[in-house]
Each structure stands twice: as structure tokens, then as C-alpha cells.
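Quick notes on the structure that follows.
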Amino acid sequence: MARKVTTGARIGWSIAAWVVALLIFFPILYAVITSLKTEQEAIAGFSLIPSGTFENYVTVQTQRDYFKPFMNSVILSVGSTILALIIAIPSAWAMAFAPTKRTKDILMWMLSTKMMPSVAVLLPIFIIFRTFGLLDSRVGLTIMLTLINLPIVIWMLYTYFREIPGEILEAARMDGASLWKEIVYVLTPMAVPGIASTLLLNIILAWNEAFWTIQLTTTNAAPLTAFIASFSSPQGLFWAKLSAASTMAIAPILILGWFSQKQLVRGLTFGAVK
Amino acid sequence: MTLKTFLLGACSALAFVATTASAETLTIATVNNGDMVRMQGLTSEFTKANPDIEVNWVTLEENVLRERVTTDIAANGGQYDIVTIGNYEVPIWAKQQWLLPLEGLGDKYDMDDLLPAIRGGLSVEGKLYAAPFYGESAMIMYRKDLFEKAGLKMPESPTWEFIADAAKKTTDRANDISGICLRGKAGWGENMAFVSALNNSFGGRWFDENWKPQFDQPEWKASLQFYADLMKEAGPQGASSNGFNENLTLFQQGKCGMWIDATVAASFVSNPKDSKVADKVGYAIFPSKEGVSNHGNWLWSWNLAVPASSKKAEAAQKFISWATSKEYTQLVASKEGWANVPPGTRTSLYNTEDYKKEAAFAAPTLAAMQAADITKPTVKPVPYTGGQFVAIPEFQALGTTVGQLFSAVIAGQSTVDDALAAAQATATRDMTRAGYIK
């Protein structure tokens with residue numbers, strides 16, 4: 001039986017939700033506002049009213065090339081996501097539908113790799129990249145981003161796959177489906193919401209990754225994170241320009257998130273209610 | 001198409017491909033300073049004169065640049081052919097053989113024209129390891145109108161006693177004007193740059209000849225107490241979070257009677273486009289304490305160097321020679337005006353009449369730079385070089401830790417005595433661990 005919710009409670013919860021949402025979104029909003037201020041206004045103190053200048057966007061465009069890092073961001077985030085899914089779907093299938101005694105340990109081990117600070121492995125990774133000629137290359141960085149996000153992708157897919165009744169796959173097998181057909185034609189279509197949300201989340205994570213993308217690139221493979229970092233200045237004012245660069249860098253991913261929010265929410269709550 | 005035309009076309013195409021293939025690409029790591037951005041814009045002049053060299057720029061945040069370059073050099077990555085580094089790093093990196101000596105700058109490169117103080121800081125055992133792109137010392141920038149109103153006249157060589165008095169007299173809390181704006185934000189290159197120079201001018205030092213920290217000595221107590229009192233009585237609100245950029249804004253908006261900071265700021269505060277007080281600014285040399293002959297010895301330069309891991313050292317030195325030459329200065333002057341040329345590296349610039357006419361801060365800047373000697377930064381003998389910093393690898397971390405302790409004093413969260421005691425303990429521990437104190 002549904003619990004009765006009073007109007008007062010509904011309004012209260014709505015306000016609370018709005019406040020939390022605004023708090024989370026506020027840094028982004030303030031960056032956009034700051035990008036429309038002059039440098040003097042930006043550093044003068046807290047204010048929500050900008051003078052409305054677009055000069056910073058013009059300066060950012062004039063000083064640096066936006067298109068190349070933008071394309072690099074697209075290639076790296078999409079490329080690493082596709083690669084991660086290709087590896088993760090069969091892995092998650094194996095763990096969800098053919099678990100062994102060690103499956104849980106493997107899952108925990110994969111997650112544990114995320115607990116190590118990236119800087120701890122900077123030098124070995126750098127030397128490996130140098131040895132194989134992968135420094136400042138899109139291929140190298142795509143592999144790197146795939147590897148660092150792979151544990152999360154496998155975990156998410158594993159969770160989604162566990163919600164799918166194994167009997168359906170068994171039925172497909174009894175009908176003569178090969179393993180490949182079982183994964184591609186039976187499992188994947190049923191897990192589309194989960195796969196889609198994993199894909200979107202991974203794109204967002206790869207787009208925003210700002211340690212390896214700055215450490216392992218110089219000019220050819222540098223994505224938008226490096227583009228933003230280049231506007232920080234040791235002498236002279238830069239907050240407004242930095243905000244303009246940040247806004248330009250996050251705009252594509254914000255738009256993607258906006259249009260795919262239904263899919264994201266659907267995927268993230270997939271299996272929450274049985 | 002005749003065979004002859006075809007062959008000619010093919011030869012031209014081959015020649016083009018050969019030229020393109022033989023072009024060397026230099027990767028230059030730099031910071032986002034106005035002068036550096038200007039240099040990037042003028043690079044086409046260099047590549048036009050050197051069609052066999054292409055230039056790629058990597059602009060990074062200052063600390064990220066240090067991390068990236070040190071990783072690259074340590075692992076022999078060879079990603080950068082030229083790096084932009086400060087005069088703090090140059091001697092340290094040169095001694096570790098991370099940089100190549102600049103021996104290929106060419107015959108036309110007038111090395112003797114480089115300001116001696118700057119050149120000295122970039123040389124190890126007589127060899128130049130980095131070429132200065134622009135240099136700076138520190139000086140007083142003050143509001144002539146506020147001084148006049150308060151009946152004050154800036155002396156030729158002001159003392160801290162005069163500065164304290166003038167700061168109090170020009171403070172006007174009702175109109176939100178602070179008598180003095182100084183760095184308070186924690187960091188080895190932020191508040192500690194100022195505080196170290198202040199302490200030098202008070203006769204103090206970071207370490208004695210045996211590397212024993214000196215925070216327990218009366219000079220440190222006097223200088224830090226002076227700084228804390230001055231900021232309390234005549235400094236702006238929230239001074240503990242003000243660095244170069246914050247004070248620049250305050251001064252440009254007419255909120256400071258005085259600002260003591262890097263000489264490079266003079267071109268910002270005197271630019272009517274950004275500064276409300278552009279026509280009211282006077283300049284004077286960094287103060288000294290009565291009875292102590294020392295003006296702080298603040299000296300900084302941004303320099304271009306070739307990392308030992310570069311595989312294109314010859315082309316790299318060619319670029320450095322161009323970017324730090326007298327001809328480059330002329331080029332900037334012709335395109336952007338004399339006030340925008342990179343200052344503080346060459347004597348000839350300060351003999352240029354056009355520059356002196358257009359940049360009112362030229363003479364005080366030169367005076368400030370000539371007064372700075374990083375080879376003898378303090379009155380008492382010391383085992384290190386460096387003015388507003390100590391040129392040892394451990395200084396970045398130690399300077400920042402001590403900077404946090406001193407910033408807490410300005411924020412009112414700690415006392416001078418407590419901060420000095422903590423600084424002494426930290427510095428003693430760090431220097432012992434690093435093997436300086438036996």
C-alpha cells in the first residue's frame with residue numbers, strides 16, 4: 001500500500017531537493033557567471049551579477065586553439081569508452097553468469113586499484129609510455145583512460161547483469177545460441193539501459209580526467225583539461241579567462257548529460273525496484 | 001601534360017616533402033604570463049627566418065610545469081626542447097646535470113649586455129645554463145596623491161620605520177583604503193618571497209653557516225612582529241589570503257596607499273586600461289631597516305633553458321638566442337610599444353631613450369635590480385645563494401610550510417612567537433633529515 005504523503009511534506013522535500021541540487025550545481029553556475037565578468041570584477045569578491053562581457057571568450061579563442069583539444073577530448077573519451085565496453089561486457093558476463101570461487105576477490109581487487117593515488121605510479125607509467133613511444137599520443141592515452149575506468153565499468157555492468165535472470169540466457173543456449181550470440185543478441189539488448197548509462201558515465205569520467213591527460217601529453221594529444229590548465233597564470237589576473245575556458249570545456253559534456261539524463265537515471269536506477 | 005612539366009612538378013613536390021620532413025619541431029613548455037603569451041604571438045617571426053624549425057607551445061600552470069618537466073627529465077622522456085623556469089631552479093637543475101649549458105647562442109648574442117645580477121644567478125661555474133626572458137626585483141609602488149594629502153614625501157631610500165608611519169597616515173578605513181598591501185597568502189613564492197626579503201633587510205637570515213635555522217634569533221622576531229603589526233594596523237581585510245594578483249587588483253582599484261611587490265607589477269598599475277590610479281603611482285626602492293644596509297635582495301627571472309633530455313639542442317638554442325636577444329626587444333617595441341617589452345634582463349634596454357620615455361618605472365626598476373645581490377643576500381654570512389628564496393631543492397616544501405605558519409599569524413590564528421617556534425622546529429627537522437645538519 002502506498003504511503004500517504006502530505007502536501008507540506010512534498011513541498012518540504014521539493015525545497016530540500018532544489019537546495020541540494022543548487023549546491024551541487026553552484027560551482028558550475030558561478031564559473032559561467034565569472035566568465036562573463038571582467039578580470040577586476042572576477043577577483044573583487046563574491047557577486048552574482050556580471051557586467052556581461054564576452055571579451056574573455058574572445059581572448060581564450062585568440063590565445064589558444066580550442067578545436068584541437070576539443071577533438072582530442074572527443075576521441076579519447078569515446079575511444080576509451082568503446083574499448084572499455086568491449087573488454088567489460090564479456091568480463092561482467094563471466095562474473096555474473098559463470099562465477100567461480102575467486103570472482104568476488106577479483107572484483108574487489110579491481111576496485112582496489114582505484115584506491116591507489118595516481119601519482120604513486122606516475123614514474124613507472126611514464127617510463128612504459130616512453131619505452132613504447134606512447135607519450136603524447138592519442139592511442140596511449142586512450143589505453144590509459146580505458147584502464148583507469150575499467151574497474152568501474154565492469155562493476156557497473158556486473159551489477160546490471162546480475163539483475164537479468166540467468167534462465168533467459170539458458171533458454172537461448174538451449175535454442176542453440178552460441179556464446180557470442182548469447183552475449184550480443186540476448187544479454188546486450190536486455191541490458192541496454194545499464195550499458196547506456198555505463199557508457200555515458202564513462203564518457204563523463206574520461207572527459208573530466210585531469211591527471212594523466214595533463215601528465216602524459218604535450219601538444220598532439222592534449223585534451224580540454226590541458227586547455228583549461230593553460231590559463232592559470234603566476235602573475236596577472238586570469239580568473240575570468242580561466243572560467244571562460246572551463247565553461248567552453250564543460251559545455252559539450254553538460255549538453256550531452258542534459259539530453260541523456262533520462263537514459264542516465266533509468267540506467268542508474270535499473271534493478272532498484274524488482 | 002608534357003613529360004617535362006610532369007617531372008618538374010614531381011621534383012617540386014619532392015623538394016617540398018623533403019623540406020617538410022627535415023623541419024625540426026621544438027616543443028616549448030611555458031607559463032601563462034603576459035610576456036610569454038606575447039612571445040607565442042611573435043613566434044611566426046622566428047619561424048619565418050628559420051623555415052627549418054617549427055615551434056609547438058605547451059602552456060602549463062607554474063607548479064604543474066615544474067612537475068611535468070622534472071618527471072620528463074628524470075625519466076629521460078625528451079618531450080620538451082625548451083623549458084621556462086625561474087632562477088630558483090636553474091642552479092639546482094644545472095648542478096644535477098638536468099640542463100645543457102647554453103654554448104650555442106651564436107656570436108651575435110651579446111652576453112655581456114645581460115644584467116650582471118641576473119646572469120650570475122643563471123650561471124654555474126662560469127657557464128650560462130638558462131637565458132633570461134624577463135627579470136624583476138621588488139620595489140615600493142605608492143599613491144602620490146595620498147602621500148601629498150598626508151603631507152608625506154617618499155625618501156630616496158626609505159626605511160621600514162618611515163613605511164610604517166606612512167602606512168598608518170594614509171590608511172582611511174572609512175573610504176576602504178589600506179595604507180599598505182602586502183602578500184599574506186601562504187607559499188614559498190607568495191608570502192615567503194616578501195617575508196624573506198623583509199627579513200634580509202632586517203639583518204636576518206634563514207640559516208647560519210652550518211645550516212642551523214635562525215627563526216629563534218632576534219632579527220626574525222623583529223621582522224615578523226613588524227610585518228604582523230603593520231598588516232593589523234594598516235593592511236586590508238583578509239590579507240592572509242592575498243597574493244600578487246589580489247594585491248594587484250586592490251592597488252589598481254585605489255584601495256592601497258602602498259604596495260611592495262615585484263617590479264613587473266609597475267607596468268600593470270600604470271596601465272590606464274586596467275588601473276584607476278595609473279597616473280598617480282610613484283615608485284621607490286625596497287625599504288631597509290635603519291642601521292642595516294640591505295634592501296632585501298629580491299631577484300627573480302623567468303628563463304629559457306634546454307633540458308638535458310632534448311634531442312634538438314641546437315635548434316632549441318637558436319630559438320632561445322632569438323627570444324632573449326636585443327632584436328626581440330626591438331621587435332616587441334615595434335609591434336606592441338616600449339612599455340610592453342620584457343624588462344629586467346639587458347643593460348641596453350635601460351639606456352634606450354624611447355623606453356625611458358614611455359616606461360616611467362624603468363629607472364626605479366633598474367635601481368631595484370642593481371640593488372639586489374643574490375650571491376650575498378644577507379648581512380651575516382650564509383651558506384646559500386638566493387634573495388627572496390634559498391636556492392636549495394628543499395626550499396619549496398619548507399618555504400611553503402613556514403609560509404602557512406606565518407600566514408596564520410596574519411589571519412590572527414597564531415602568535416608571532418608560536419609561529420617562529422614551530423618554524424624553527426620544522427626547519428631543524430627537515431634540514432637534519434636532508435643531511436644539512438650533521
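For every residue, the table says whether it meets (1) of a type in the set (A, V, I, L, M); (2) within 20 Å of A:VAL184 (Cβ to Cβ); (3) crowded, with 16+ Cβ neighbours inside 10 Å.
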site: A:ILE82; (1), (2), (3): yes, yes, no
site: A:ALA92; (1), (2), (3): yes, yes, yes
site: A:THR100; (1), (2), (3): no, no, no
site: A:LYS104; (1), (2), (3): no, no, no
site: A:MET108; (1), (2), (3): yes, no, no
site: A:THR113; (1), (2), (3): no, no, no
When you scan region A:154-245 for helices (runs of 4 or more DSSP H) that lie fully inside it, which ones turn up with 1 or more residues that are under 30 Å from A:PHE54 (Cβ atoms), at pLDDT below 90 and within 14 Å of chain B (Cβ to nearest Cβ)?
A:224-229
Return the residue satisfying two criteria in turn: it lies in region A:52-76 and is charged (D, E, K, R) and in a helix (DSSP H, G or I), and of such residues it is farthest from A:LEU36 (Cα to Cα).
A:LYS68
Quick one: is A:THR100 outside any helix (DSSP H, G or I), among the polar types (S, T, N, Q) and without any contact (Cβ under 8 Å) to a residue 60 or more places away in the chain?
yes
Answer yes if at least one residue in region B:101-123 is under 20 Å from B:MET369 (Cβ atoms), β-branched (Val, Ile, Thr) and modelled with pLDDT under 95, and no otherwise.
yes
Reported set for region A:106-134 where residues are charged (D, E, K, R) and within 11 Å of another protein chain (Cβ to nearest Cβ) is A:ARG130
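Here is a yes/no grid of residues against (1) over 19 Å from the mean Cα position of the chain (by Cα); (2) closer than 30 Å to B:TYR283 by Cα; (3) in the same structural domain as B:THR27 (by TED's automatic domain parsing):
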position: B:TYR88; (1), (2), (3): no, yes, yes
position: B:LEU99; (1), (2), (3): yes, no, yes
position: B:LEU115; (1), (2), (3): no, yes, yes
position: B:GLY120; (1), (2), (3): no, yes, yes
position: B:ASP145; (1), (2), (3): yes, yes, no
Residues being aliphatic (A, V, I, L, M) and under 28 Å from B:GLY34 (Cα atoms) - total across region A:49-99:
4
Got a sec? Which of A:SER35, A:SER73 is within 24 Å of B:PHE244 (Cα to Cα), at pLDDT 90 or above and surrounded by 17 or more Cβ atoms within 10 Å (Cβ to Cβ)?
A:SER35
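A quick yes/no check of all residues on (1) touching a Leu at 6+ places or on another chain (Cβ under 7 Å); (2) farther than 28 Å from A:ALA96 by Cβ; (3) in contact (Cβ under 8 Å) with a residue 40 or more places away in the chain:
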{"site": "A:ASP175", "(1), (2), (3)": "no, no, no"}
{"site": "A:LEU187", "(1), (2), (3)": "yes, no, yes"}
{"site": "A:THR218", "(1), (2), (3)": "no, yes, yes"}
{"site": "A:SER230", "(1), (2), (3)": "yes, yes, yes"}
{"site": "A:ALA240", "(1), (2), (3)": "no, yes, yes"}
{"site": "A:ALA245", "(1), (2), (3)": "no, yes, yes"}
{"site": "A:LEU254", "(1), (2), (3)": "no, yes, yes"}
Looking only at region B:370-395, how many residues end up being modelled with pLDDT under 90 and assigned to a helix (DSSP H, G or I)?
2
Determine if region A:222-234 includes at least one residue that is among the β-branched types (Val, Ile, Thr) and farther than 18 Å from A:ILE82 by Cβ.
yes
Among the residues of region A:111-133, which ones are touching a Ser or Thr at 6+ places or on another chain (Cβ under 9 Å) and among the aliphatic types (A, V, I, L, M)?
A:LEU122, A:LEU123, A:ILE125
Do you know which residues across region B:250-263 are under 19 Å from the mean Cα position of the chain (by Cα), within 12 Å of another protein chain (Cβ to nearest Cβ) and either surrounded by fewer than 24 Cβ atoms within 10 Å (Cβ to Cβ) or closer than 13 Å to B:ARG183 by Cβ (or both)?
B:ASP261, B:ALA262
Criterion first (modelled with pLDDT under 95, on the phi < 0 side of the Ramachandran plot and either assigned to a helix (DSSP H, G or I) or not β-branched (Val, Ile, Thr) (or both)) does B:LYS185 satisfy it?
yes
Picking from B:ARG66, B:ARG38, which residue would you name as being among the basic types (Lys, Arg), more than 19 Å from B:ALA313 (Cα to Cα) and modelled with pLDDT of 85 or more?
B:ARG38
Which residues, counting only those in region B:321-338, are assigned to a helix (DSSP H, G or I) and either within 18 Å of the chain's Cα centre (by Cα) or surrounded by 24 or more Cβ atoms within 10 Å (Cβ to Cβ) (or both)?
B:ALA323
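The values are calculated or read from the model by the stated rules, or taken from the named source; none is laboratory data. Quantities reported herein were computed from a predicted structural model and do not represent experimental measurements. A quick note on method: Cβ atoms are made from the backbone with ideal geometry, for glycine too, and the neighbour counts reach across all protein chains shown.
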